[in-house]
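So the structure is just underneath, and the comments pick up after that.
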RNA sequence: GGAGCCAUAGCUCAGUGGUAGAGCGUUCGCUUGACGUGCGAAAGGUCGUAGGUUCAAUCCCUACUGGCUCCACCA
């Protein structure tokens, strides 16, 4: 053994050895009876072999189009620690890997590449574009997967899944059809958050709100003065509304106002949504371009006028503005209003506008027909499941946040106007224009009129609609090498044990998995929810490309070893909290790996021997026992930092600094204890630092109790 | 406007109803035959502020101050 541990010499080989050994695949019960897990654990089950409880984590599928970043490294470290621990405890352990097609993200990135070549998505037909993105994604997907291997993820590659696998798509279709058939999906005309540059609508969650200063224009509408930040939309006005409790306007309600420039009469109506104290207390109602106005418009059965098209240009206005971009039109309209003497006052106000989370441009509220999921019944069940403890949030504060979300959700728009994704299986009859939803195939005959020509909705599902079904979709369609029949995975491993992911996708993903899981399977998708914090830099700053403070986990793994990188991901801070990651921290963990290596070098240099135990031996064995017990408890409570700290303290300071030092006077007598404590220490270390522990194990395996550490049994407590 | 979180050693963070810990950093010693990616020792905190509960609070409660994050239709 070399004087210093050189991770680069071993890691790839060790991973290959594990993977080839089949250690990543769960060992299943020998019988293929699908409800085995539900059998009472009576004496007869013992006779048919040792029955192992399943332990399952479905990996949050990283975007297939991106390389891993340090945020991924954290979940890989956390989940792999849990997985390796449970595997060593003898449970039938499955960590199911996958990749997400990440609809909008991926198409957005791909279009940027096209732009570099002077092309755009409009240069290709749907199928060609899809094929091009598919090929591009396949390349990146394998990069991402090899990075998972570098970091030591002991996931079952024989069950690897992609959100666009045909079998996954089938399941997603089935869920959509069920929702539709049961009246939980509707096609609605709504104000959606439309990004004219991306050419698609976004869900509420994908819009960033920023405060900015704008002009608030007080416009003379004849009988009444209104205040607006968007004078260019006045041509889409259909009414003026005031608050019913506003004494100032009592007598003019029911009369009309006069729209400037085009001299159109508008009814003056009352609605409680109008704030008396804002502006003049009179609100112009523009249902085609504002969500509140749309709501008021619906209530009062007002007409809807659109004056902005999907490219963000004016339409249905006096001809001089037609074709202008919104900002340009605003200036022109203001100029004309000014000339007509209709602007009474301009003041600056700070208000909140929506920005596209992709390109940070302005979101245009637009009227559009999209598919929506009625969220209330789903959310109610999810809330119940959390309250009853069927799904447990390990951290109380994330439970609060999840509940808060579930109580405040609105209907979920699942249509996206992009090609990269799962195309919505809705077909409109050419003749009667009615929609038919199928489980994928084009219908033969229109159920309404019997016609046989259809047009499929060109839209695709929101990515989260498919990833929201991930736990059951993966298991329903997987079997792996260890299992011959599909559905057996589902029967055995569902509901999964733990969902582990970052808090920033709690509302996008976690609560939707609970809702859809309950809906589609009748059971929760997972028992425990472990939410981890984000990785920040040394100064606690959020890591982002623009700040230039990115830490590439693969670089770090190359430089200091995957073990050090992983340990750095859980060291020092609770899983649920953000961590500040510095290279110093990772280097410190590299030093620990080296310490372990040198302990082994010392112990393994001496031949095995037998001797009577003295007090020093008894003491270290007692400390080992107490450490094992603390580590086990900490791991069961997902307190990984605590577990890591205990191991570090014991191995370095108790075992190396104290016991080994004292043993030098009595090497032969101590050898047996040295070997035993080393063996048990390696087991404790293994979930955290799998490579160095396995390398050492292989160096001295004839002295240890298992041929391969990954399959060794967890120390007794 | 709402919601959640945080405030402990120079830095990053653990922690407990009975007067505080780690890693890194710093200082001073160490060519001990596993390791200088190391060994030994040390300095360094009135645990944000003000009240309250308690025999006792850094830990529980209230208010305040400062910071972070998320949500929200005030045009």
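In angstrom, the C-alpha Rg and Dmax of region A:79-221 are 21.8, 77.
Projected onto its three principal axes, the C-alpha set of region A:209-278 covers 37, 29, 16 Å, listed from the longest axis down.
For chain A, the longest principal axis of the C-alpha atoms and the axis of helix A:166-181 are separated by about 50°.
In what sequence do A:117, A:399, A:79 fall when counting other Cβ within 10 Å, fewest first?
Working: A:117 8, A:399 17, A:79 24.
Ordered from fewest to most neighbouring Cβ atoms within 10 Å, A:117, A:399, A:79 come out as A:117, A:399, A:79.
Beyond 13 Å, how much of the Cα-Cα pair distribution for region A:94-155 remains, as a whole percent? The share of Cα pairs beyond 13 Å in region A:94-155 comes to 68 percent. Bridge orientation summary for chain A: considering DSSP beta bridges with both residues in this region, about 70 percent are antiparallel. Building the convex hull from the alpha-carbon atoms of region A:375-451 and averaging its projection over directions returns 8.0 nm². Quick one: plug the Kirkwood hydrodynamic radius of region A:318-418 (C-alpha pairs) into Stokes-Einstein at 25 °C, 0.890 mPa s, and report D in µm²/s. Calculated translational D: 132 µm²/s. Normalised by residue count, region A:468-606 yields a Cα convex hull volume of 173 Å³ per residue.
Extent of region A:210-333 along its three principal axes (Cα atoms, max minus min coordinate, largest first): 41, 31, 25 Å.
Ordered by packing density, taken as the mean number of other Cβ atoms within 10 Å over each peptide's residues, highest first, how do A:420-427, A:100-107 rank?
Working: A:420-427: 22.0, A:100-107: 23.9.
Descending mean neighbour count gives A:100-107, A:420-427.
Each residue in A:19, A:211 was given a count of other beta-carbon atoms within 10 angstrom of its own, and listing them fewest first yields A:211, A:19.
Quick one: A:158, A:200, fewest Cβ neighbours within 10 Å first, how do they rank?
Fewest-to-most Cβ neighbours within 10 Å comes out as A:158, A:200.
Under the rule of -39500 (n - 2.57) per DSSP H run of 4 or more residues, summed and divided by the residues of chain A, what mean residue ellipticity at 222 nm is obtained, to the nearest 500 deg cm²/dmol? List each step's numbers first, then the result.
On the way: 21 runs with 268 residues, N = 717.
Theoretical 222 nm ellipticity from helices: -12000 deg cm²/dmol.
For the peptides A:247-257, A:320-330, A:172-182, residues were scored by their other Cβ atoms within 10 Å and the scores averaged per peptide; the highest-first order is A:172-182, A:320-330, A:247-257. The rule of thumb for compact globular proteins, 2.2 N^0.38 Å, goes into the C-alpha radius of gyration of region A:254-317 1.19 times.
Where does helix A:375-387 land angle-wise versus the long Cα axis of chain A, in degrees 0 to 90, nearest 10? For A:375-387 against chain A, the angle is about 30 degrees.
Which order do peptides A:517-523, A:260-266, A:640-646, A:693-699 fall in by mean Cβ count within 10 Å, highest first? Show your work: numbers first, answer last.
Details: A:517-523: 18.1, A:260-266: 15.0, A:640-646: 21.6, A:693-699: 23.1.
Ranking, from highest mean packing down: A:693-699, A:640-646, A:517-523, A:260-266.
Distance distribution note for chain A: the fraction of Cα pairs above 52 angstrom is 25%. Please list log₁₀ I(q)/I(0) at q = 0.19, 0.20, 0.32 Å⁻¹ for region A:485-532, using the Debye equation with identical point scatterers on the alpha-carbon positions. Here the Debye-derived log intensity ratios amount to -0.62, -0.68, -1.16. Each part gets one Cα centre, and for region A:247-297 versus region A:648-704 those centres are 78 Å apart. Taken over region A:339-380, the convex hull of the Cα atoms encloses 234 Å³ per residue. Placing pseudo-labels 7 Å out from each Cα toward the beta carbon at residue A:127 and residue A:210 gives an inter-label distance of 4.2 nm.
Dividing the Cα radius of gyration by the Kirkwood radius, what Rg/Rh value follows for region A:280-344? Display every interim value, and only then the final one.
Values: Rg = 13.4 Å, Rh = 13.2 Å.
Reported Rg/Rh (Cα atoms, Kirkwood Rh): 1.01.
Across every pair of different alpha-carbon atoms, what Kirkwood hydrodynamic radius in Å does region A:589-717 reach? Working shown, then result.
Details: mean 1/r = 0.0684 Å⁻¹.
Across region A:589-717, the inverse of the average 1/r is 14.6 Å.
No value in this document is a laboratory result; all are computed from the given coordinates. All values reported here derive from a predicted model rather than from experimental measurement. Cβ coordinates were reconstructed from backbone atoms using ideal geometry, including for glycine residues, and neighbour counts include every protein chain displayed.
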